[in-house]
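Before any comments, here is the structure.
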Amino acid sequence: MLTSSASLADEGTHSVEPQGFLKSYCIRCHGPDAQKADRRFDNLPARIVTLDDMERYQEIVDQLNLASMPPEDELQPSAAARRKIIERVTGMIAEAQAGLSDTGGHSVLRRLNSWEYRQTIGDLLGLNVEVWDPAADFPAEVMVDGFDNNGAGLVTSGMLLNHYLSAAEEAIRRATNFGPRPESRNWSQNSPFYFSGKESRDLPKLFQVDRFRFIPDTPYTDLYGRHYRGGHIGFLPLVRQGGVKQSGQYTVRVRAAAVSRRHDYGKALGDFRNGDPLVMELAAVDRRGSVESTGNVSEMTSLARIELTEAEPQWFEWDVYIEAGFEPEVRFRNGPMAAKRMVRLLTTQAADRPEFQPFVHLKGGMEKAHGVLKAYQGPRLRVWEIELQGPHVEAWPPQGHQLLYGKLALDEITAQTIPGRIEAFAKAAFRREPVDLELEPIQTLVDRKLSEGMEPLDALKLGFQAILCSPGFLYLNMGEGELDDTALASRLAYFLSSSPPDETLSALAAKGELRPNLESQAMRLTGDPKIERFVHHFVRRWLDLDNIGAMPPAESFLTYYRDNLQAAMEAEIEAFFRHLLERNAPLSEFLAADYAFLNRELALHYGIEGVSGNELRQVKLPKGKRGGLLSQGAFLTASANGVDTSPVVRGVYVLEKVLGYRPPPPPPDVPAIEPDIRGAVTIREQLKKHRQVETCAECHRKIDPLGFALENFDAIGMWRNDYAQRVPIDATGKLINGEAFSGFGEFRDLMIAQSDQFSRCLTEKLMAYALGRELEVTDRPDIDEILMKLKSQDGGLRDLILLIVQSKAFGRN
């Protein structure tokens, strides 16, 4: 490596002036003849004049601080010269920021994104939007740097407006309840759950005897298969009435047991793990509009799951929300396989067993299937009876109805009472007082409909729908300059709960007392149950977890689907974030944590024995192969393509999500590097050749080592030592600052040592999410100040959120 002391006669003079330093160390690769990584610095002025100047100078300082530039095979400044130029340019940036800071940094008027719309409708009208999602059919949001709440990307199309109309109509319908208080009822059904002859007439096939369902001569019914065809039973008392009549909370009780969890049928039961608990799932199903003759359902919601280990019957009870028109169904969630396949395999691969020999040579049909299933002694979910009670109604009329109609009876809704209800609902929906004449078009619409003969209730509901489709409800308008308390309350609430300000925030804002109480209110919200919305949505957007659904793992990853690993992985990463927030843990713990949140299946996926149960719990990790965010299943699966891994894709993912650097897109004339399906040697050779292309070399020096460090993890995050064709994995590499690693453990140590860079990355991600816009170079002083305060107080994740809320950028627009 060349050193500056050997190349510069007088480093103490021109090398601390920007133009001299750039000419000595930067222009060869970032000048008129070459612009590696699409960067050009020869035309930078000696004094910062524009935001573009500031952004480019800031990038130079960042790269010098990271010691990633100049490249190790280029001329290097001494440590003293590097320090002096960093100080010099940092001073230039600080001086320029004072003059440029008021030219940007505004969050444009932005609408609620689909996630915020869903939560807002739910909170406003007291509706359960976990079961009914009013935004389910909305067009996909435009992502800006991974986030879906960026005002610049939140366009409003004609299609979306149509969906707003439909969603508003359904929301008002659901919230309107002029009828009498629903009575709580009790239903029950004992085994048998299947019927034949006249008893089965007009029943869905699920309730009828067929090859895989028979009427037992016992007081219980056994479920054999997974889900469908011998793996689920319905609830007859609600079938003919079309499900429950009233949406609400219900108590469901099931008397069941786990029978013969251990078996000696070997591979005849496929990939069922011997001795595993049996998972009973309670679902709510809607048969309306489905092909009822086959027992299919048009919609299904999983309500609860529980692991059964005891052969003696026990009662299991849940309080769950069931939509009108839905009915409960009990399912054998981890049954070995569909009953049809089970009969075939037991009479082929277990044909030597005496209990099956009478049926081996029979043709497929009821006699054979019933005989095999009755003789079968493997894992069975045994069910005696099911009970249902509800709905449990705490207040009537419900919250949403009271907001809409107050204490008006149906016959009290008139042309005289309508304006007051319109104004009261608009105030709640707009999260502020309506401005002059804002409601006039809506009231005019209602008056016109009344004059045309529309019923007063229908006209009022139309007015409510118009409010839910108006800009006052759909958009967050923070104004310009310093936020008033009403706007500040909205920004804080949507940051930490994805919903409108609650009563406490609204009351403080109305009295003009929110700003002096901002820190305490942010602290309160981090402990509120609605913080789960922030944890879920921020983590999902920050780490692009929707990538998993867009490119799901191939079906060849059997355990991924059998063990429901996607849900476990996503729950793990959210539990990890939540744990750090609750403990106010230092940001370095994201990388350095020696524990994870695992259930039995995810622990086995990670190669960890001794974890029991389906619920996540904190587990100490063995040293070496796991630790921190970088080795969590969701992180690794979201950065793969569902089939195999690509060091380039994973390297870019780490750069963007962990280190806060977004590399430029590759030149259009350079072919992409395909994911490695042939072995590490091949991919290394491809990338080595790729780096010989001058326009590619600079970015790949940053990208490739990060990706190769994670190559021991396959496309679903399982540890591997070899590729598919037994080619050993080489996870060695060298970071751009010259530090080398021999595998994931050493790489993780190097990343922990760079935790300051991760802290800046996470701070910027949180700030962008909080403000609803991309950060600009003028936001840099706020970020720097937050990080400085966080470090001085030895703060953690909760402190970081509080500092963001108290920053100048958060309180201005």
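Can you say whether Tyr220 is crowded, with 21+ Cβ neighbours inside 10 Å and either among the acidic types (Asp, Glu) or touching a residue at least 12 places away in the same chain (Cβ under 8 Å) (or both), as far as the supplied structure shows? Against the criterion (crowded, with 21+ Cβ neighbours inside 10 Å and either among the acidic types (Asp, Glu) or touching a residue at least 12 places away in the same chain (Cβ under 8 Å) (or both)), Tyr220 does not qualify.
Screening Ala167, Ala171, Ala152 for residues that are surrounded by fewer than 15 Cβ atoms within 10 Å (Cβ to Cβ) and of a type in the set (A, V, I, L, M) leaves exactly one candidate, Ala152. Within this structure, Glu532 passes the test of being among the acidic types (Asp, Glu) and at pLDDT 95 or above. Restricting attention to the range 594-643, which residues are under 20 Å from the mean Cα position of the chain (by Cα), aliphatic (A, V, I, L, M) and open to solvent by 20 Å² or more (accessible area, probe 1.4 Å)? If the condition is that a residue be under 20 Å from the mean Cα position of the chain (by Cα), aliphatic (A, V, I, L, M) and open to solvent by 20 Å² or more (accessible area, probe 1.4 Å), then Leu616 is the only one that fits. Among the residues of the range 316-343, those identified as charged (D, E, K, R) and either open to solvent by less than 10 Å² (accessible area, probe 1.4 Å) or more than 30 Å from Ile306 (Cβ to Cβ) (or both) are Glu327, Glu329.
If you filter the range 733-760 down to residues that are of a type in the set (D, E, K, R) and touching a residue at least 40 places away in the same chain (Cβ under 8 Å), you find that the one that is surrounded by the most Cβ atoms within 10 Å (Cβ to Cβ) is Arg748.
Counting only residues that are open to solvent by 10 Å² or more (accessible area, probe 1.4 Å) and in contact with a helix residue (DSSP H, G or I) (Cβ under 6 Å, 6 or more places away or on another chain), which one in the range 348-370 is nearest to Leu558 (Cα to Cα)?
Step one: list which residues in the range 348-370 are open to solvent by 10 Å² or more (accessible area, probe 1.4 Å), which gives 348-349, 351-355, 357-368, 370.
Those left that are additionally in contact with a helix residue (DSSP H, G or I) (Cβ under 6 Å, 6 or more places away or on another chain): 349, 355, 359, 362, 368.
Values: Gln349: 20, Glu355: 30, Phe359: 30, Leu362: 31, Lys368: 29 Å.
Filtering the range 348-370 for residues that are open to solvent by 10 Å² or more (accessible area, probe 1.4 Å) and in contact with a helix residue (DSSP H, G or I) (Cβ under 6 Å, 6 or more places away or on another chain), the one nearest to Leu558 (Cα to Cα) comes out as Gln349.
Among residues of the range 237-264 that are under 19 Å from Leu282 (Cα atoms) and open to solvent by less than 50 Å² (accessible area, probe 1.4 Å), those with a Cβ under 7 angstrom from a residue that is part of a loop (DSSP other than H, G, I, E, B) and charged (D, E, K, R), sequence gap 6+ or separate chain, pair up as Gly242/Arg288; Ser247/Glu323; Ala257/Glu310; Ala257/Glu312; Ala258/Glu310. Among the residues of the range 365-396, those identified as more than 34 Å from the chain's Cα centre (by Cα), assigned to a loop (DSSP other than H, G, I, E, B) and not aromatic (Phe, Trp, Tyr) are Gly365, Gln377, Gly378, Pro379.
Only one of Asp749, Asp799, Asp730 is farther than 26 Å from Ser646 by Cβ and either modelled with pLDDT under 95 or out of contact with any Gly (no Cβ under 9 Å at 6 or more places or on another chain) (or both); which? Steps first, please.
On the way: Asp749 fails: farther than 26 Å from Ser646 by Cβ; Asp730 fails: farther than 26 Å from Ser646 by Cβ.
The match here is Asp799.
Scanning the range 767-813 for residues that are of a type in the set (S, T, N, Q), surrounded by 20 or more Cβ atoms within 10 Å (Cβ to Cβ) and either closer than 20 Å to Ala152 by Cβ or out of contact with any helix residue (DSSP H, G or I) (no Cβ under 8 Å at 6 or more places or on another chain) (or both) gives a single hit, Asn813.
The number of residues in the range 39-91 that are among the basic types (Lys, Arg), surrounded by fewer than 17 Cβ atoms within 10 Å (Cβ to Cβ) and part of a helix (DSSP H, G or I) comes to 2. Does the range 285-303 contain at least one residue that is within 17 Å of Arg380 (Cα to Cα), at pLDDT below 95 and not small (Gly, Ala, Ser)? No, the range 285-303 contains no residue that is within 17 Å of Arg380 (Cα to Cα), at pLDDT below 95 and not small (Gly, Ala, Ser). For the range 411-453, a residue qualifies if it is under 41 Å from the mean Cα position of the chain (by Cα), surrounded by fewer than 20 Cβ atoms within 10 Å (Cβ to Cβ) and farther than 26 Å from Ser490 by Cβ, and exactly one does: Leu445.
Does the range 756-766 include one or more residues that are touching a strand residue (DSSP E or B) at 6+ places or on another chain (Cβ under 9 Å) and at pLDDT 95 or above? So far as the range 756-766 goes, yes, one or more of its residues are touching a strand residue (DSSP E or B) at 6+ places or on another chain (Cβ under 9 Å) and at pLDDT 95 or above.
Residue-by-condition table, conditions (1) more than 30 Å from Ala311 (Cβ to Cβ); (2) out of contact with any Asp or Glu (no Cβ under 6 Å at 6 or more places or on another chain); (3) of a type in the set (D, E, K, R):
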residue: Trp187; (1), (2), (3): no, yes, no
residue: Arg201; (1), (2), (3): yes, yes, yes
residue: Gln208; (1), (2), (3): no, yes, no
residue: Ile233; (1), (2), (3): no, yes, no
residue: Leu238; (1), (2), (3): no, no, no
residue: Gln241; (1), (2), (3): yes, yes, no
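Looking at Ala554, is it out of contact with any helix residue (DSSP H, G or I) (no Cβ under 6 Å at 6 or more places or on another chain), aliphatic (A, V, I, L, M), surrounded by fewer than 20 Cβ atoms within 10 Å (Cβ to Cβ) and more than 30 Å from Ser612 (Cβ to Cβ)?
Details: out of contact with any helix residue (DSSP H, G or I) (no Cβ under 6 Å at 6 or more places or on another chain): yes; aliphatic (A, V, I, L, M): yes; surrounded by fewer than 20 Cβ atoms within 10 Å (Cβ to Cβ): yes; more than 30 Å from Ser612 (Cβ to Cβ): no.
So Ala554 does not fit the description; no.
Residue-level analysis places Lys198 outside the set of residues that are more than 17 Å from Val343 (Cβ to Cβ), under 38 Å from the mean Cα position of the chain (by Cα) and not aliphatic (A, V, I, L, M). Within the range 716-724, one or more residues are modelled with pLDDT of 90 or more, surrounded by fewer than 20 Cβ atoms within 10 Å (Cβ to Cβ), under 28 Å from Leu545 (Cβ atoms) and touching a Lys or Arg at 6+ places or on another chain (Cβ under 7 Å). Of the helices (runs of 4 or more DSSP H) lying entirely inside the range 407-486, those containing at least 2 residues that are closer than 30 Å to Ala522 by Cβ and free of Cβ contacts under 8 Å to residues at least 40 places away in the same chain are 418-430. When residues in the range 503-562 are screened for being of a type in the set (Asp, Glu) and closer than 27 Å to Ala603 by Cβ, 4 of them pass.
Residues in the range 456-473 that are crowded, with 22+ Cβ neighbours inside 10 Å and farther than 24 Å from Leu410 by Cα: Phe473 alone. Could you say whether any residue in the range 133-142 is in contact (Cβ under 8 Å) with a residue 60 or more places away in the chain and open to solvent by 10 Å² or more (accessible area, probe 1.4 Å)? No, every residue in the range 133-142 fails to be in contact (Cβ under 8 Å) with a residue 60 or more places away in the chain and open to solvent by 10 Å² or more (accessible area, probe 1.4 Å).
With respect to Gly99, determine if the residue is assigned to a helix (DSSP H, G or I), at pLDDT 75 or above and small (Gly, Ala, Ser).
Working: assigned to a helix (DSSP H, G or I): yes; at pLDDT 75 or above: no; small (Gly, Ala, Ser): yes.
Spelling it out, it is not the case that Gly99 is assigned to a helix (DSSP H, G or I), at pLDDT 75 or above and small (Gly, Ala, Ser).
Can you pull out every residue in the range 332-364 that is more than 21 Å from Leu278 (Cα to Cα) and in a helix (DSSP H, G or I)?
Filtering the range 332-364 down to residues more than 21 Å from Leu278 (Cα to Cα) leaves 344, 347-364.
Listed by number, the residues that qualify are Arg344, Gln357, Pro358, Phe359.
Considered as a group, the residues in the range 550-581 that are free of Cβ contacts under 8 Å to residues at least 12 places away in the same chain and assigned to a helix (DSSP H, G or I) include one that is farthest from the chain's Cα centre (by Cα), and that residue is Tyr561. Of all residues in the range 324-365, count the ones that are among the aliphatic types (A, V, I, L, M), over 16 Å from Phe212 (Cα atoms) and free of Cβ contacts under 8 Å to residues at least 12 places away in the same chain. Residues meeting the conditions: 1.
Of all residues in the range 480-489, none are surrounded by fewer than 16 Cβ atoms within 10 Å (Cβ to Cβ) and more than 40 Å from the chain's Cα centre (by Cα).
The values are calculated or read from the model by the stated rules, or taken from the named source; none is laboratory data. Note that the structure is predicted; figures quoted are calculated from it, not measured. Positions of Cβ are backbone-derived with ideal geometry, glycine not excepted, and every protein chain shown enters the neighbour counts. Heavy atoms of the whole protein, side chains included, go into the accessibility calculation; ligands, DNA and RNA do not. Shrake-Rupley method; radii C 1.70, N 1.55, O 1.52, S 1.80 Å.
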